[in-house]
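The values are calculated or read from the model by the stated rules, or taken from the named source; none is laboratory data. Source: prediction; values computed, not measured. Here Cβ is always computed from backbone atoms with ideal geometry, including for glycine, and neighbour counts include all displayed protein chains.
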Amino acid sequence: MKNQSTKQTQMRRCVNCRESKHKSELLRVVRTPEGNFTLDFTGKANGRGAYICKNEICAAENKKRRKLDKSFKSALPAEIYDAIIEAVANK
């Protein structure tokens, strides 16, 4: 039986560089049930989520390669990619 006092860390994988990191080190992009895309800074928004590293290199590469489009299987608006770069720059 597991000890209830030990808490597991929540690891997630960046869609761009494929590195596993702690959930707090990544930025979450969400497709809401209505089909809109938003940035989720709380990590608890309702909808399908994908994670990206909070560094400029990964964000710029993601915009170039459009990895989030592949992850969500639909095209993200250019404003979302710009918002990711802005959010990462303002950490």
Review point. Can you name the number of the only condition in (1) on the phi > 0 side of the Ramachandran plot; (2) surrounded by 11 or more Cβ atoms within 10 Å (Cβ to Cβ) that Glu86 fails?
Key: (1)
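Looking at Leu68, Leu39, Leu76, can you tell me which residue is closer than 19 Å to Arg13 by Cβ, touching a Leu at 6+ places or on another chain (Cβ under 9 Å) and part of a loop (DSSP other than H, G, I, E, B)?
Leu76
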Exercise for review: Name every residue in segment 12-36 that is among the charged types (D, E, K, R) and in a strand (DSSP E or B), in order of residue number.
Suggested key: Arg12, Arg13, Lys21, Arg28, Arg31
Check your understanding: Which one is nearest to Ala89 (Cα to Cα) among residues in segment 32-73 that are acidic (Asp, Glu) and surrounded by fewer than 13 Cβ atoms within 10 Å (Cβ to Cβ)?
Key -> Glu56
Check your understanding: Does Glu56 count as at pLDDT below 95 and of a type in the set (Asp, Glu)?
Key -> yes
**Study point:** segment 42-62, subset under 13 Å from the mean Cα position of the chain (by Cα) and assigned to a helix (DSSP H, G or I), residue nearest to Ser20 (Cα to Cα)
**Key:** Cys58
